[in-house]
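Asks: Before I ask anything, let me first share the structure, which is written out below as structure tokens.
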Amino acid sequence: MKKLINDPRAVVNESVEGFGIAHADLVTVHPEPLFITRKDAPVQGKVGLVSGGGSGHEPLHAGFVGRGMLDAAVPGAVFTSPTPDQIIPATAAVDGGAGVLHIVKNYTGDVLNFETAAEMAEADGISVRSVLVNDDVAVEDSLYTAGRRGVGGTVLVERIAGAAAERGDDLDAVTSIAQRVIDGVRSMGVALAACTVPHAGVPSFELAEDEIEIGIGIHGEPGRHRIAMEDADGITQRLLDPIVADLSLTSGDRTIIMVNGMGGTPASELYIVFRKVAQLLGDLGVSIDRSLVGNYITALEMQGASLTILRADDEMLDLWDAPVHTAALRWGA
Amino acid sequence: MKKLINDPRAVVNESVEGFGIAHADLVTVHPEPLFITRKDAPVQGKVGLVSGGGSGHEPLHAGFVGRGMLDAAVPGAVFTSPTPDQIIPATAAVDGGAGVLHIVKNYTGDVLNFETAAEMAEADGISVRSVLVNDDVAVEDSLYTAGRRGVGGTVLVERIAGAAAERGDDLDAVTSIAQRVIDGVRSMGVALAACTVPHAGVPSFELAEDEIEIGIGIHGEPGRHRIAMEDADGITQRLLDPIVADLSLTSGDRTIIMVNGMGGTPASELYIVFRKVAQLLGDLGVSIDRSLVGNYITALEMQGASLTILRADDEMLDLWDAPVHTAALRWGA
Amino acid sequence: MSVADATGPLDAAWAVRWMRGTAQVVAENRALLIDLDRAIGDADHGENLDRGFGAVLLKLDGDAPETPAAVLKLVAMTLMSTVGGAAGPLYGTAFLRAATSLGDTGTVDPAGVAGMIAAARDGIVARGKAEVGDKTMVDAWTPASEAAETAAQAGATAPEVLAAAANAAHAGAVATEPLIARKGRASYLGERSAGHQDPGAVSTALILQAAAEAAGGEVA
Amino acid sequence: MSVADATGPLDAAWAVRWMRGTAQVVAENRALLIDLDRAIGDADHGENLDRGFGAVLLKLDGDAPETPAAVLKLVAMTLMSTVGGAAGPLYGTAFLRAATSLGDTGTVDPAGVAGMIAAARDGIVARGKAEVGDKTMVDAWTPASEAAETAAQAGATAPEVLAAAANAAHAGAVATEPLIARKGRASYLGERSAGHQDPGAVSTALILQAAAEAAGGEVA
Ligand SMILES: Nc1ncnc2c1ncn2[C@@H]1O[C@H](COP(=O)(O)OP(=O)(O)O)[C@@H](O)[C@H]1O
Ligand SMILES: Nc1ncnc2c1ncn2[C@@H]1O[C@H](COP(=O)(O)OP(=O)(O)O)[C@@H](O)[C@H]1O
Ligand SMILES: [Mg+2]
Ligand SMILES: [Mg+2]
Ligand SMILES: [Mg+2]
Ligand SMILES: [Mg+2]
């Protein structure tokens, strides 16, 4: 394992420390217990948005803390959800009196830790709501799984709910728009090569030179199945089809698209995927109204990509366009 | 070799096509010969800024086309400088009557092709100036080399000269501020693992599990020397020291810093490097006035990072802060 | 596995020995647990527990709780605030419920041991909603609880009850191998989750083994 | 290496055969040239030349220039606009200067061959500023030019002059192996550039070999 790190156990702390120095104009890093808030938190009268989860997905979540997006990010150890004793003070720190929304990715660990934290914060007199992002169509949402995972859709939820909070929506309204985004967003990912968790020291799985994993998540776990390597257009089709089917996308639908790199894939390849997505959606008569192409929710240095599609309405598009000023997403501000 | 590509020979065209679709609000892609201009080019009365070089360094250069930065980017084949017949029409397309500045990275191929293009464009009646970026302290600038390479400093030159052009500086003034940035900027890079050029199909070099290359460029070429793996703090010191020495940085100096990922390195690791840079410069009494941490000038999916330091003055900092709106760098707009 | 040297009543000192023993066995099996989790999860279970029980050790060096319940409650709070992931809240809840079941007793008797394990198991099920056969730690806790209950009713000593529980947990963990996961991260893998033991079930067996060994119980 | 079948005067048809032969030999050696460039450069020389001479082939299928100079000029323009990198402008200039040196002659005589190679070589030096020993294509062109001059003065036929040039270029390319590069991308490597042949010197030898073979010249 070769990484630009010092002690594997210090990776998260040192990285967040560096992040805090680089973006001192935007965020405050609270070291013990570890969480990150926007500089001007709490914003009085504004609903606070808190998200978090295991580290290793940067820029998610700390990179999305700032005006028009998250008020706080709570990073756990690499691929390990944070603990309530981080989430509770983060929640308190961003409560401007209008309550706090927890944006939780649907993993057992995240759910349980945020659940406990929400209960305790409520006991401390803070109104807390939670939404559960579960956009990964690679996982069947059934009694026989932990439900669909939360992956790329999280970025879109954070952006749109963040804009709603910024314009002054109350906790109910912010929760409801967040849930509407969750209901309309789906994702699917592919890995060409695994990542290596620092404390594990070996790649999370092994792929032969001619194999890829389809339906991977963001934790270096193997995907749903392994197939022979294909070209970018073929792989893109495999990512797109189940999303289109799940969302029943049809002619006239408007969308926000994210082609996301898993950390080790060059931007040039992501644009090749995006090109094919545009062709395929164009063939279906589905319009791409906004898009992101880049590394937004990663799995360390994994090679691969994910596709996220949100069926968008006017309000979502308006909120999307509202000013956002974070380390990793910025416009209009 | 596993990549999200179709035909290795179509990588650049397809990728730029996707880029053009994703950023249709910002840029126009001219397919044959291939170059990219900002949407509103030529801007009458404004000095046009053209840069280019081999592909594989994305977001450089196309990702920096837009208001406050480049007017045109000219992408060659992967790691191969573009040809005059691309550079000439790109130059013509962005000439708003105030002349055009070519920002050329110092490689024999880039120099020769831009030289020819400039000569031909001049013959067509366009005033063309050129600056040569040569910031890589890994290479000795002597009679016995092709001179120092142009690497990360290019991003800073493009930003600051772009801002100068945007505020209405004439060709002389834009050229002179670009040259001042070049004179004050130095970089140094490290590779933990090589990249694979699509048409070559095998990694550009092989490193053992415990080896790294110090002093690499951005073309997958081996570095100046190979050393045993070290921790992030040690490596950072190795990147910083020769830059500090070359620039004779001393207490009270102000800087703009870029910690750049080579394409396959997670953002979390870049922030660990940035943290150490901040500590070391702090110890020297050198202030970090602005910074960028992320993938700005890459070598495909190479694992590694580079450090760029510009000794900045008031004017440079002002220009840095001016609005910029490109695919990869955006603020104030 | 071996007979531990320690013997004596299941008092606060036993509980402390249990936790120190757990910290040690978790550290020793850190790589194994990471590897099991790497196969069907996200390669962090061993690291998470090692971090958590490392923190427990530090806590125990400071505090000296006076009842077994007080020890377990300290452990519960420490795990909740240091482990994270699924295992943090689940083990946290387990130790909290176990503590509650013990009340303020100074020494745990055989029925108390069985009750404590049942409470822990029920807490995990309450939080995680997994059933037996879902390929989770429940597949170790459930047979452990049943074996403890049976042994206690058959008149076994407290160390013997713990040993029965540990043995059953080990068997339960081994038996998760062929199962297809239906809860937790491994469930994303569908049929590909078969053929590997569940990391949480294995760590459960290690924890109960440490409990038995701390009591001088003989673990097969 | 073999004797080509083609014989006859060094006319426009010869120049076309030369270029078609070059395209073929470059395609055959694409991987070799990439590999040489991978060792001390950026792994694109074979790809660049293959793309360039592939474009030359398409051009030749369309146009049918009437003099050797016209063929070489077409090649020069095509390489300049399709190869890129260092090799594009350098070979472009080389073929342009070669064309200029030939004037409007219909058939190139031995002195013309030597003059053409000298002009190409001088063009490369003028643009690239490399000297002999810098480990560049100049280390193939310079001995080639000298050998051609010597052969021409000694009364050799035009095909013989070409063959002499090609052989000298090959030897020159081989001799670049121990050198430390002082120009081009390989110079960044410093002493690590020693131990590999220069890709541009090798491609130069291939191009001149194709010239000789197109003329029926015997290449050693
Ligand atoms: N719903 C659940 N109920 C009971 N145990 C569970 C549940 N989900 C996961 N587990 C247990 O947690 C273990 C994984 O723990 P760990 O790796 O620390 O957390 P994470 O899955 O968040 O990475 C699994 O092996 C399994 O035994
Ligand atoms: N200054 C120079 N003068 C002569 N030849 C040069 C010079 N610089 C580079 N070359 C030649 O160009 C070759 C490399 O060509 P190529 O790989 O196509 O371009 P690039 O170096 O831009 O990738 C080298 O092997 C060398 O022979
Ligand atoms: Mg985890
Ligand atoms: Mg090149
Ligand atoms: Mg895990
Ligand atoms: Mg090259």
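Asks: So B:Thr250 passes all but one of these: (1) crowded, with 24+ Cβ neighbours inside 10 Å; (2) of a type in the set (Ser, Thr, Tyr); (3) more than 17 Å from the chain's Cα centre (by Cα). Which condition number does it fail?
Replies: (1)
Asks: If a residue has to be within 16 Å of ligand 4 (Cβ to nearest atom) and without any contact (Cβ under 8 Å) to a residue 24 or more places away in the chain to count, how many in region D:188-220 make the cut?
Replies: Residues that pass the stated criteria total 1.
Asks: Another question about this same structure. Can you find, within region B:160-210, the residue that is nearest to B:Ile126 (Cα to Cα) among those that are surrounded by fewer than 24 Cβ atoms within 10 Å (Cβ to Cβ) and among the basic types (Lys, Arg)?
Replies: My answer is B:Arg167.
Asks: Here is a further query. Return yes or no: is D:Leu33 in contact (Cβ under 8 Å) with a residue 12 or more places away in the chain and away from ligand 1 (no atom under 16 Å from the Cβ)? Even if it seems obvious, please write down each step before you answer.
Replies: Numbers: in contact (Cβ under 8 Å) with a residue 12 or more places away in the chain: yes; away from ligand 1 (no atom under 16 Å from the Cβ): yes.
In short, yes.
Asks: For region C:117-132, how many residues are within 11 Å of chain A (Cβ to nearest Cβ) and part of a loop (DSSP other than H, G, I, E, B)?
Replies: 3
Asks: Can you say whether D:Thr136 is out of contact with any Gly (no Cβ under 8 Å at 6 or more places or on another chain), β-branched (Val, Ile, Thr), more than 16 Å from ligand 3 (Cβ to nearest atom) and assigned to a loop (DSSP other than H, G, I, E, B), as far as the supplied structure shows?
Replies: No.
Asks: Given the structure, is C:Pro89 surrounded by 24 or more Cβ atoms within 10 Å (Cβ to Cβ) and either more than 14 Å from every other protein chain (Cβ to nearest Cβ) or free of Cβ contacts under 8 Å to residues at least 40 places away in the same chain (or both)?
Replies: Spelling it out, C:Pro89 is indeed surrounded by 24 or more Cβ atoms within 10 Å (Cβ to Cβ) and either more than 14 Å from every other protein chain (Cβ to nearest Cβ) or free of Cβ contacts under 8 Å to residues at least 40 places away in the same chain (or both).
Asks: When you go through A:Thr83, A:Thr108, A:Thr116 one by one, which is the residue that is within 16 Å of ligand 1 (Cβ to nearest atom), surrounded by fewer than 24 Cβ atoms within 10 Å (Cβ to Cβ) and of a type in the set (S, T, N, Q)?
Replies: A:Thr116
Asks: Would region A:123-134 turn up any residue that is within 14 Å of chain C (Cβ to nearest Cβ), at pLDDT 95 or above and away from ligand 5 (no atom under 16 Å from the Cβ)?
Replies: Within region A:123-134, one or more residues are within 14 Å of chain C (Cβ to nearest Cβ), at pLDDT 95 or above and away from ligand 5 (no atom under 16 Å from the Cβ).
Asks: Which of the residues that make up region D:31-42 are out of contact with any His (no Cβ under 7 Å at 6 or more places or on another chain) and either part of a helix (DSSP H, G or I) or more than 8 Å from ligand 4 (Cβ to nearest atom) (or both)?
Replies: D:Ala31, D:Leu32, D:Asp35, D:Arg38 - these are the residues of region D:31-42 that are out of contact with any His (no Cβ under 7 Å at 6 or more places or on another chain) and either part of a helix (DSSP H, G or I) or more than 8 Å from ligand 4 (Cβ to nearest atom) (or both).
To keep it simple, each residue is scored yes or no on (1) within 16 Å of ligand 6 (Cβ to nearest atom); (2) within 14 Å of another protein chain (Cβ to nearest Cβ); (3) assigned to a helix (DSSP H, G or I); (4) of a type in the set (A, V, I, L, M).
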{"position": "C:Ala144", "(1), (2), (3), (4)": "no, no, yes, yes"}
{"position": "C:Ala148", "(1), (2), (3), (4)": "no, no, yes, yes"}
{"position": "C:Leu162", "(1), (2), (3), (4)": "no, no, yes, yes"}
{"position": "C:Asn167", "(1), (2), (3), (4)": "no, no, yes, no"}
{"position": "C:Gly172", "(1), (2), (3), (4)": "no, no, yes, no"}
{"position": "C:Pro178", "(1), (2), (3), (4)": "no, no, no, no"}
{"position": "C:Arg182", "(1), (2), (3), (4)": "no, yes, no, no"}
{"position": "C:Gly190", "(1), (2), (3), (4)": "no, yes, yes, no"}
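Asks: Further question: Mind telling me which of the residues B:Arg290, B:Arg311 ends up being surrounded by fewer than 24 Cβ atoms within 10 Å (Cβ to Cβ) and within 11 Å of chain A (Cβ to nearest Cβ)? Walk me through how you get there before you give the answer.
Replies: Numbers: B:Arg311 fails: within 11 Å of chain A (Cβ to nearest Cβ).
Answer to the check: B:Arg290.
Asks: Now a separate question. May I ask you to list the residues in region B:104-122 that are within 14 Å of chain D (Cβ to nearest Cβ), in contact (Cβ under 8 Å) with a residue 24 or more places away in the chain and more than 21 Å from D:Ser187 (Cβ to Cβ)?
Replies: B:Thr116, B:Ala117, B:Ala118, B:Met120
Asks: Condition test on B:Asp141, is it of a type in the set (Asp, Glu) and either crowded, with 24+ Cβ neighbours inside 10 Å or closer than 23 Å to B:Gly97 by Cα (or both)? Show your work before the answer.
Replies: Numbers: of a type in the set (Asp, Glu): yes; either crowded, with 24+ Cβ neighbours inside 10 Å or closer than 23 Å to B:Gly97 by Cα (or both): no.
When the stated conditions are applied, B:Asp141 does not pass them.
Asks: Now for a separate question. Please determine whether any residue of region C:30-48 is under 21 Å from C:Ala212 (Cα atoms), surrounded by fewer than 21 Cβ atoms within 10 Å (Cβ to Cβ) and at pLDDT below 95.
Replies: Looking through region C:30-48, none of the residues is under 21 Å from C:Ala212 (Cα atoms), surrounded by fewer than 21 Cβ atoms within 10 Å (Cβ to Cβ) and at pLDDT below 95.
Asks: How many of the residues making up region A:263-282 are of a type in the set (Gly, Ala, Ser) and without any contact (Cβ under 8 Å) to a residue 60 or more places away in the chain?
Replies: Of the residues in that region, 4 qualify.
Asks: Let me ask another. What number of residues in region D:52-72 are surrounded by fewer than 22 Cβ atoms within 10 Å (Cβ to Cβ) and part of a helix (DSSP H, G or I)?
Replies: Here the count works out to 9.
Asks: Would you tally the residues in region A:15-33 being surrounded by fewer than 23 Cβ atoms within 10 Å (Cβ to Cβ) and within 14 Å of chain B (Cβ to nearest Cβ)?
Replies: Going through region A:15-33 one residue at a time, the tally reaches 8.
Every residue, every condition in (1) touching a Cys at 6+ places or on another chain (Cβ under 9 Å); (2) of a type in the set (S, T, N, Q); (3) at positive phi, yes or no:
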| residue | (1), (2), (3) |
| --- | --- |
| B:Arg275 | no, no, no |
| B:Gln279 | no, yes, no |
| B:Leu284 | no, no, no |
| B:Asn295 | no, yes, no |
| B:Ala299 | yes, no, no |
| B:Gln303 | yes, yes, no |
| B:Ile309 | no, no, no |
| B:Asp318 | no, no, no |
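Asks: Here's another thing I want to ask about it. Inside region B:1-37, can you point out the residues that are in a helix (DSSP H, G or I) and in contact (Cβ under 8 Å) with a residue 40 or more places away in the chain?
Replies: The answer is B:Pro8, B:Arg9, B:Val11, B:Val12, B:Ser15, B:Val16, B:Phe19, B:Ala22.
Asks: Something else about it: What is the residue count in region A:257-280 for residues that are at the interface with chain B (Cβ under 7 Å from one of its Cβ atoms) and among the polar types (S, T, N, Q)?
Replies: As a first pass, look at region A:257-280 and keep what is at the interface with chain B (Cβ under 7 Å from one of its Cβ atoms): A:263-269, A:271-275, A:278.
Cutting the leftovers down to among the polar types (S, T, N, Q) gives us A:265, A:268.
Residues in region A:257-280 being at the interface with chain B (Cβ under 7 Å from one of its Cβ atoms) and among the polar types (S, T, N, Q): 2 in total.
Asks: Among the residues of region B:246-262, write down those that are small (Gly, Ala, Ser) and without any contact (Cβ under 8 Å) to a residue 40 or more places away in the chain.
Replies: B:Ser248, B:Ser251, B:Gly252
Rundown of residues vs (1) away from ligand 2 (no atom under 16 Å from the Cβ); (2) more than 16 Å from the chain's Cα centre (by Cα), yes/no style:
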site	(1), (2)
D:Pro9	yes, yes
D:Gly21	yes, no
D:Leu33	no, no
D:Gly106	yes, yes
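Asks: Output yes when any residue across region C:195-213 is surrounded by fewer than 21 Cβ atoms within 10 Å (Cβ to Cβ) and away from ligand 3 (no atom under 16 Å from the Cβ), and no when none is.
Replies: Within region C:195-213 (the criterion being surrounded by fewer than 21 Cβ atoms within 10 Å (Cβ to Cβ) and away from ligand 3 (no atom under 16 Å from the Cβ)), the answer is yes, since at least one residue qualifies.
Asks: Return yes when A:Thr145 is more than 15 Å from the chain's Cα centre (by Cα), among the hydroxyl-bearing types (Ser, Thr, Tyr), farther than 27 Å from A:Gly294 by Cβ and at pLDDT 95 or above and no when it is not.
Replies: So A:Thr145 does not fit the description; no.
Asks: Here's something else I'd like to know. Among the residues of region A:39-70, count how many are under 16 Å from the mean Cα position of the chain (by Cα), part of a loop (DSSP other than H, G, I, E, B) and under 19 Å from A:Leu132 (Cβ atoms).
Replies: 4
Asks: Also: Filter region B:212-236 down to the residues that are crowded, with 16+ Cβ neighbours inside 10 Å, within 14 Å of chain D (Cβ to nearest Cβ) and not aliphatic (A, V, I, L, M) and list them by number.
Replies: B:Glu213, B:Gly215, B:Gly217, B:His219, B:Gly220, B:Glu221, B:Pro222, B:Gly223, B:Arg224, B:Arg226, listed by residue number.
The values are calculated or read from the model by the stated rules, or taken from the named source; none is laboratory data. All values reported here derive from a predicted model rather than from experimental measurement. With ideal geometry, Cβ positions are generated from the backbone for all residues, glycine too; neighbour counts draw on all protein chains shown.
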